[in-house]
């Protein structure tokens, strides 16, 4: 089959040319190893090639409107083409996608079932998600990997995903329906070899939710990166960092870790309880102290406007920031998304939003001061939450 996979643009991001579309590339690799002719279009929707027999998409929730735009364009110029959608949004809302006019909707991993989605006449295909080692290593030659630019300490870096799902149940997250699946250390090392020796990368980032969830796996991978002299960045969780202790943090530093991102969400114990975060403010603080002591930079991620947010909880977050002096922050207005407990059980939380919202214009992560949000709590209006977010961004975010 002659297949075009279309990367949905994310114009709301500060820079959408940072991370390559690894999910789409994984599906393309799965199709390619089965002998199909696959092309990834990662340019503007208006420049989508119109001479393919089959098209595939894998948008996140805020990218879904772009996929609809592309679908209409292809229908207009190539009405006989078959259009398939998978990825995060389709997995959460398969019936809605069918009603919107997609020929087939893939629920779950697409690497294996994409072939059937294009070939068979089924409206919805539910994938049997395999262990990650069973999927082929992503073929980075499918796109111009070097045009995606992320710099780490002045060195051009790229990303790799070594897990899917999450073992925790935060109320704001749409991954609560999944189980965590980890790629083995041996498989990760195999992929790092390719990125380093074939593509020349000397800096790597692991943007998955919690890279350090399996200690022994991380220790094996760190030892290999140390041998290659690679510097790296990952996301961690405070309580796991504290559990592993200072020796683990030192091992990370010695192996080339220069920075971590940590989902703090809020400096208020009440808010962390409301969202079922499963860790305390004190454990998060202790983890930050451990990391900074070893010279690892810490970037904290915060969500403003979570259930129960008030001026008191906002002030607790500001006090947290004043005390911890993080190297950088990323603060965003809370945006409920389908599949998360807060979205599905709105009545159980101190939060409200308009049900007729245009999800393409209410981003969780967007350009600073260019989106507004649409949530409110019993204590704060949408406008007050917006102003609190701006204050935190202006005062605590690194300016360079």
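Throughout, read-outs are computed from the coordinates displayed, never taken from laboratory work. Small disclaimer: the values here were computed from a predicted structure and weren't measured. Here Cβ is always computed from backbone atoms with ideal geometry, including for glycine, and neighbour counts include all displayed protein chains.
Figures for the structure shown
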| quantity | calculated |
| --- | --- |
| Global geometry of region 121-226, whether rounded, prolate or oblate, following the gyration tensor of its Cα atoms and the 1.5 cut on a/c | prolate |
| Scattering curve values for the chain, log₁₀ I(q)/I(0), Debye with Cα scatterers, q = 0.06, 0.07, 0.08, 0.11 Å⁻¹ | -0.24, -0.33, -0.44, -0.86 |
| Debye intensity ratio in log₁₀ form over the Cα atoms of region 2-126, taken at each q of 0.09, 0.16 Å⁻¹ | -0.21, -0.69 |
| DSSP beta bridge pairing in the chain, given as percent antiparallel to the nearest 5 | 15 |
| Inter-centroid distance (Cα atoms) of region 306-348 relative to region 55-104, Å | 32 |
| Ordering of 22-31, 215-224 by burial proxy (mean other Cβ atoms within 10 Å per residue, highest first) | 22-31, 215-224 |
| Calculated [θ] (222 nm, deg cm²/dmol) that DSSP helices of n ≥ 4 give over the chain, each run adding -39,500 (n - 2.57) | -9500 deg cm²/dmol |
| Per-peptide average of other Cβ atoms within 10 Å, ordering 167-174, 129-136, 291-298 highest first | 167-174, 291-298, 129-136 |
| Protection proxy ranking of 189-195, 77-83 - average other beta-carbon atoms within 10 Å, highest first | 189-195, 77-83 |
